[in-house]
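Inspection log for the structure reproduced underneath, given as structure tokens.
The values are calculated or read from the model by the stated rules, or taken from the named source; none is laboratory data. All of these numbers come straight from a predicted model, not from anything done at the bench. So basically every Cβ, Gly included, is an ideal-geometry build from the backbone, and we count neighbours across all protein chains shown.
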Amino acid sequence: MSRSFFITTMGCQMNEYDSDFLARSLINSGFIPADDPEFADLVLINTCTVRAKPEQKAFSLIGRMAQMKRRRPNLVLGVVGCMAQQQGVVLMERFPQVDLVMGPREISRFPDILELVYGEGERVVATQLDTPPPQTVPCGEYLRGRVTGYISIMEGCNNFCSYCIVPFVRGREVSRSSNDIIAEARDMVERGIKDITLLGQNVNSYLWEGERKQDFVSLLDELNGIEGLLRLRFTTSHPKDLSDKLILCFSNLKKLCPHIHLPFQTGSNAILKSMKRGYTREEYMELIPKLRGVIPDMAITSDVMVGFPGESQDDYEATLDLIRRVQFDGIFSFKYSDRKGTLAYSMVPKVDEQEKASRLSMLQDLQKQISLDKNRSLEGKHVEVLVEGESKKGGRLTGRTGSNKIVNFTCDNDKIGHLVNVTIKRGFLNSLLGDMDPEE
Ligand code: SAM
Ligand code: SF4
């Protein structure tokens, strides 16, 4: 009888891609997906350690799954992802019920590692950081019914921003072969995917120097030519590597969506310097009119954190000021949290937790108003939506605009996987509501 598996994913889109990769490998090895960990033979927890909060969540989930294993000793329990990399063997000592600890750079060796667990009955810790990125694992069954998909085009990061654990847990930057990426994209399109997001910690520094040299712009150009693909996106771009050539792609490449996620982290030059971000506030601000000069209603989203060591009230005000000036469509905002091993860990003075919470809440209120105003300004306008499925509130379909806004709309016929025009009736904080336009 086939074994079944269940994967829980925490954290970012990179983790979602890694979980997809693991699921495809498992299905190809004869495993079947389970809907509930209670009925699975293998449970994998894909963890995140970028901030303290997801790390705490991961520990409590591992604790609950370890309890389940006490009741069901035949269950194989694996912890994968960034926290697995960071904790390594310590995690296994803390949770004797865990059979497998595997870092994100090891996923290309996953079938061999699993063989050690099942075939040899070993408890395995796999945390090498120099394992090459995996090759494509085609698995049509896994993609069935999906309209959007991710492709990881590079692993790791060389930037070593002073607050960030990623270079330590995902290793040094390495790009995947462009032939492999193109093959993966073609396979996905053949199986029905219409919208592909390219992933990397720093996608715009993509460089492949293998069988033929390719940089990020030439990769985008080639992917744009894939017949049947409707939309192409990428995330995350680093402001210091956003070239004029790449900005021009937004007007030259028909399928490239008018949205960029461009983290700024702080509006203060002094804090940017201690963060080792490699750009100034002025350099960041210069990119905004360049982007809007190419696509006037380009959606711009960002990441920001408050309470970095030494952040004064003036530094914080500079962050709020930048947000007011740029008018982002959306922001992911965080309280700085100490990550052991990073440079910022030993930086002082630390900002008080209560002060961080109050700065974050004021910043979020400001951004909420901006996002809401932006979404309301779309009321009465026509937008093009790629239909992704039925909306959570029944009776409607859901999809996204090129600018990555969620649209729920009424529509009589089954349009999943198609582009339709929708007139927006209401703009909310996180979504838009509309009616599909009559077809010509
Ligand atoms: N590579 C991307 C970049 O440079 O913009 C970001 C990757 S990181 C996984 C996602 C976001 O988490 C960062 O943009 C940052 O805002 C936040 N982050 C990273 N380390 C953090 C820390 N120690 N405390 C709080 N937020 C953090
Ligand atoms: Fe972390 Fe900076 Fe690399 Fe982003 S660019 S992953 S924030 S080190």
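Before moving on, here are some points about what is shown:
- Where strands (runs of 3 or more DSSP E) fall wholly inside segment 321-422, the ranges with 2 or more residues that are away from ligand 1 (no atom under 16 Å from the Cβ), among the acidic types (Asp, Glu) and surrounded by fewer than 19 Cβ atoms within 10 Å (Cβ to Cβ) are 382-390.
- Matching residues, segment 161-183, being of a type in the set (Ser, Thr, Tyr) and within 11 Å of ligand 1 (Cβ to nearest atom): Ser162, Tyr163
- Which listed residue is under 22 Å from Asp329 (Cβ atoms), within 22 Å of the chain's Cα centre (by Cα) and not acidic (Asp, Glu), from Gly399, Gly427, Gly389: Gly399
- Answer residue from segment 139-186, given it is more than 16 Å from ligand 2 (Cβ to nearest atom) and basic (Lys, Arg) and is nearest to Lys273 (Cα to Cα) among those: Arg176
- Cβ-Cβ distances below 7 Å connect the following pairs, each with a first residue in segment 14-37 that is within 30 Å of Cys157 (Cα to Cα), a second residue that is of a type in the set (A, V, I, L, M) and assigned to a helix (DSSP H, G or I), and a separation of six or more residues or different chains: Asp18/Ile107; Phe21/Ile107; Leu22/Ile107.
- Residue within segment 291-303 that is in a helix (DSSP H, G or I), at pLDDT 95 or above and either touching a Pro at 6+ places or on another chain (Cβ under 8 Å) or among the basic types (Lys, Arg) (or both) present: yes
- Taking the criterion of being within 15 Å of ligand 1 (Cβ to nearest atom), closer than 21 Å to Leu272 by Cβ and not β-branched (Val, Ile, Thr), the residues of segment 221-247 that qualify are Ser237, His238, Pro239, Lys240, Asp241, Leu242.
- Exclusive hit being in contact with a strand residue (DSSP E or B) (Cβ under 8 Å, 6 or more places away or on another chain), more than 16 Å from ligand 1 (Cβ to nearest atom), over 30 Å from Glu390 (Cα atoms) and not hydroxyl-bearing (Ser, Thr, Tyr), set Val147, Val125: Val125
- Any hit, segment 204-222, residues being surrounded by 22 or more Cβ atoms within 10 Å (Cβ to Cβ), in a loop (DSSP other than H, G, I, E, B) and in contact (Cβ under 8 Å) with a residue 12 or more places away in the chain: yes
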